Amino acid sequence: MLTDRKGIRMTKEAENIKKGKRKSRETKWHKLDNTAKIFPVIASENLSNVYRISVTLSEKVRPKLLQEALEKVLPWFSVFHVRLRRGIFWYYFETNKKTPRVEEEATYPCRYIDPYSGNQYLFRVTYYQNRINLEVFHALTDGLGAVSFLKELTYQYIRRAKPDLVQDVNDGPSVDCSFNMEDSYLKNYKKTDKKRYQTGKAYQLKGEMLPPTTMGIIHGYIDIISLKSLCKQKKASITQYLITVLVWSIYKEYLNEQPSKKPICINVPVNLRQFFDSTTTKNFFAILLTRFNADRENISFEEILELVKKDLSEQLTKENLEKLISYNVSNEKSWIIRAFPLFLKNWGIKYIYRNSVKAFTATLTNIGAINILPEYRSYIKQFHVFLGVSQKQTLKCSLCSYEDKLVLTFSSVLKDVSLQKAFFRKISRDGADVIIESNGVYYEEM
C-alpha cells in the first residue's frame, strides 16, 4: 500500500467509489489537456493517433465476463467515460452515458476511432484467444493512464473468471489506482524562456508500402537480466542503448553508412510525472528529439552511443522540461489564440503538425515496467504496447517490461524489414537473449 500523502488520498477515493459516493461528483464535461488538443484536429482514417496496450492471460478470454468487468471499471475512470464534442473555441469532453461493447478482434490493430459514430467512446476493448486489447485515442490519455485502466479491467476480469482462487480481494479499485484528472501541464506551467521544438527537416524512412489499413507488427522478447548486464557494460540506460541501436540500424540499412544532409532524428516521448510529482490520468508527457548527424562514412556504434547519451542527458532535465511545458502552455494561454474560433485554430494546428512531422525519422517510446499485484501474477503472462503508424509516420518502436521480459515492438507500414532485422541482430550480437514474433504480415520476410 502507498504510504505517502498522495497514496492516502488515492486509497480514500477508491473507498468512496466502492461505496458509490463518486457518482454525485461525476464530471459532466471537462477540457482537453494541453497535449490532447492536437489529436482531434489531425486524426483521420490515414492517421488514427490510436495506440494499443494489451495483456496476455494464462487462459482464453471469456467475453461475457470481460464485458461485465468493463462495465464495472468504466464508471471509476472519468477520463475514459466521455465522448468528444465541438465547442465554439475548443473541443471538450462530455460524459458518455452509452455502454461500450467488448468485441472479438477481427481487423488490423490501431484503426481510426471515429468520435462521432457508434457509441462515441474514444477507446475500444477487444479480445483474441488469451489476449485483452485496449486501444486508446491519444486525446484521452497517454500510455501510463491507459496502463492504469487496463490493469483495473484485468483485475476485475480475473476476479470473475477465478472467483474461488482470487479470495479476500477488495472488489473496488486497487490501492495504487489514481483517478486524478488535473491538467498537469497547466498546474506545472511557469513563465520561463520559451524552448521551441526543433523543426528542421530530418531523414525520412521511405519505401514500398503495405496495402491500405495493413500494419506490420514485430515483437522482440528480450531477457531483462541479459539486457541490463549489456547496458551496464556500455554505461548506458536501457532507453539510451535501444535508441542508439535504432539510430545505428537506420544509418546502416537506409544510409548504407554514408553521409546524409539530413540528420536521423528519433522522437522520444518522456513521462513527466516522475519529474513533477503528478498522478494525473490525463496526458502528461513531453517530446525530446535525439539528433544524429551522419556527416561521414563508417561511424561506429560506440561513437553514436556517446552522442545519444550526451544529447539525452542535456535534454532530460527538469529545467529543460519546464521550458517545453512553458512553450506549449503559453500558446494555449495567449488571449489572441484563445479568441480565434475553432475552425481557425484547427487550420493553425494542421499547419504546425505538417511541419513538425518532418522533424523526426522514427519514434521510440518506453512506458517502463508494468507492475501487477501479487494475487494476480499467476494469471498474467505478458503485456505489449505499440503505436499506430501512417504513410507520414512509417515506423514506430514501443517497449514495456513485465517480470523478466522486455517486449520491444516495431509497428510499420513499410514492406521492408531490413531495419528490424538489423536492430534485433545487433542486440543479439551484443549479448542479449532475443525471441522474435510477428503478426503474420512479415512471415515471408522474417
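The values are calculated or read from the model by the stated rules, or taken from the named source; none is laboratory data. Bear in mind that the values here come from a model prediction, so they are computed numbers and not experimental data. Please note: Cβ atoms are built from the backbone with ideal geometry, for glycine as well, and neighbour counts cover all protein chains shown.
Quick rundown of the values:
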{"quantity": "Test: residue 186 is out of contact with any Ser or Thr (no Cβ under 7 Å at 6 or more places or on another chain), farther than 20 Å from residue 47 by Cα, surrounded by 13 or more Cβ atoms within 10 Å (Cβ to Cβ) and modelled with pLDDT of 85 or more", "calculated": "yes"}
{"quantity": "Selected residue (criterion: nearest to residue 213 (Cα to Cα)) from residues of the stretch 107-123 that are among the hydroxyl-bearing types (Ser, Thr, Tyr) and more than 19 Å from the chain's Cα centre (by Cα)", "calculated": "107"}
{"quantity": "Scope the stretch 55-90; condition under 22 Å from the mean Cα position of the chain (by Cα) and of a type outside the set (A, V, I, L, M, F, W, C); matching residues", "calculated": "56, 78, 81, 83"}
{"quantity": "Residue within the stretch 141-148 that is over 19 Å from residue 37 (Cβ atoms), not hydrophobic (A, V, I, L, M, F, W, C) and not in a loop (DSSP other than H, G, I, E, B) present", "calculated": "yes"}
{"quantity": "Matching residues in the stretch 338-384 - criterion: being more than 22 Å from residue 267 (Cβ to Cβ), in a helix (DSSP H, G or I), of a type outside the set (S, T, N, Q) and out of contact with any helix residue (DSSP H, G or I) (no Cβ under 6 Å at 6 or more places or on another chain)", "calculated": "338, 339, 342, 343, 344, 345, 347, 374, 375, 377"}
{"quantity": "Count of residues meeting criterion [surrounded by fewer than 17 Cβ atoms within 10 Å (Cβ to Cβ) and either closer than 20 Å to residue 441 by Cβ or in contact with a strand residue (DSSP E or B) (Cβ under 7 Å, 6 or more places away or on another chain) (or both)] in the stretch 370-389", "calculated": "1"}
{"quantity": "Hey, residue 104 in the same structural domain as residue 39 (by TED's automatic domain parsing) and either under 21 Å from the mean Cα position of the chain (by Cα) or in contact (Cβ under 8 Å) with a residue 40 or more places away in the chain (or both) or not", "calculated": "yes"}
{"quantity": "Hey, residue 411 within 19 Å of the chain's Cα centre (by Cα) and either on the phi > 0 side of the Ramachandran plot or not in a loop (DSSP other than H, G, I, E, B) (or both) or not", "calculated": "yes"}
